[in-house]
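Trainee: Mind looking over this structure? Questions follow.
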Amino acid sequence: MHNKTDYLRVSVTNKCNLKCIYCHPLSDDALSEYQDILELNEILHIIRLFVKCGIKKVRLTGGEPLLRNDILQLVNETALIKDVEDISITTNGVRLESLASGLRSAGLQRINISVDSLNSEVYKTITGFDLLENVTKGIQKALEVGLNPVKINSVIVKGINSSKEEIISLAKMSFDMPVMVRFVEYYPTSKYSTLNGEFVPNIEIRKIIEREFGLIDDTSEIKGYGPAKYYKIKNSAGAIGFINGRSSMFCDKCNRIRLSCDGKIKPCLYSAKQYDLKELLSNGTDEEEILQFLGKIILEKARYTKINKPLKEFSMQSIGG
């Protein structure tokens, strides 16, 4: 039995100001930019349609969503949609320091920030750019303006950021600051990835953390809308989460559906099945017919998971995880 699907993740762009090794496996020449990115009014229209189908929570992703010039307006108008109970963003944090206050004022409630290392050289190896200082300032600003919770997403790649020192420094963020540090198991999405075998199970990461900080207490009271399991180091300001997307299955608990930046609906991130909503909208299809179409996708979501359909290759840059 699947959870009720009430969570829409919207990729608002495929542009990004980083080139992370697990997200951008192709060269610049091989990865072409979409020409038909959804416009502001199209995104808002689609969100309103999904809300009529029971969606309550909206997350804006990318690419890097903060690269959109109209991101503050998009957040504000999404927050004003009746029955949207929660709006959040996933960002790499590079532009967050200058935008955090505006995002909070526009109605953003919480934020996820990708930080795979606190070592500037390792960060540069993973992302291609020496911008870690920008990101750390963005985290501090997000906390300062009252975004809550602030979640840190860390993808661990064997031999790059999998050392004890790397893991401990990331985990320690949750001790020093009221943030949730989530360790995300790497899952390749393209045959072009050079990291297909570089998988570090979260059970190994947890052992490293427990040996350093002692027993991690279960914190089941922590609010979360996704698959992370949360724990807490004793006397810490924040929490630690584990997203075991490769070592375990949580399809039966999934409550989300995804919209790509060019208007495709994906019932499951890793499934081969997707539906072209932008084409329906451009053809002037009647709204009631579109609502029936969306309702059918939501009802049939359980049929199109990575468990029972082949994985279709895709770039994370276009769908936002």
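Bear in mind that the values in this text are calculations on the coordinates, not laboratory data. The model shown is predicted, which means the values in this text are computed figures rather than measured ones. Counting neighbours? That spans all protein chains shown, and the Cβs are built from the backbone with ideal geometry, glycine included.
Trainee: So how do Met180, Met173 line up by other beta-carbon neighbours within 10 Å, fewest first? All intermediate terms of the calculation are to be shown ahead of the outcome.
Mentor: Working: Met180 25, Met173 22.
Final ranking by Cβ density, sparse to dense: Met173, Met180.
Trainee: Compute the distance in nm between two label points, each set 7 Å from the Cα along the Cα-to-Cβ direction, one at Lys158 and one at Lys124.
Mentor: Each label point is offset 7 Å from its Cα along the Cβ direction, giving 2.7 nm.
Trainee: I need Ile47, Ile81 ordered by Cβ neighbour count within 10 Å, fewest first.
Mentor: Ile81, Ile47
Trainee: Contour minus end-to-end for Glu144 and Phe199, with contour as 0.36 nm per residue of separation and end-to-end as the Cα-Cα distance?
Mentor: Numbers: separation 55, 0.36 × 55 = 19.80 nm, distance 3.48 nm.
Roughly 16.3 nm would be gained on extension.
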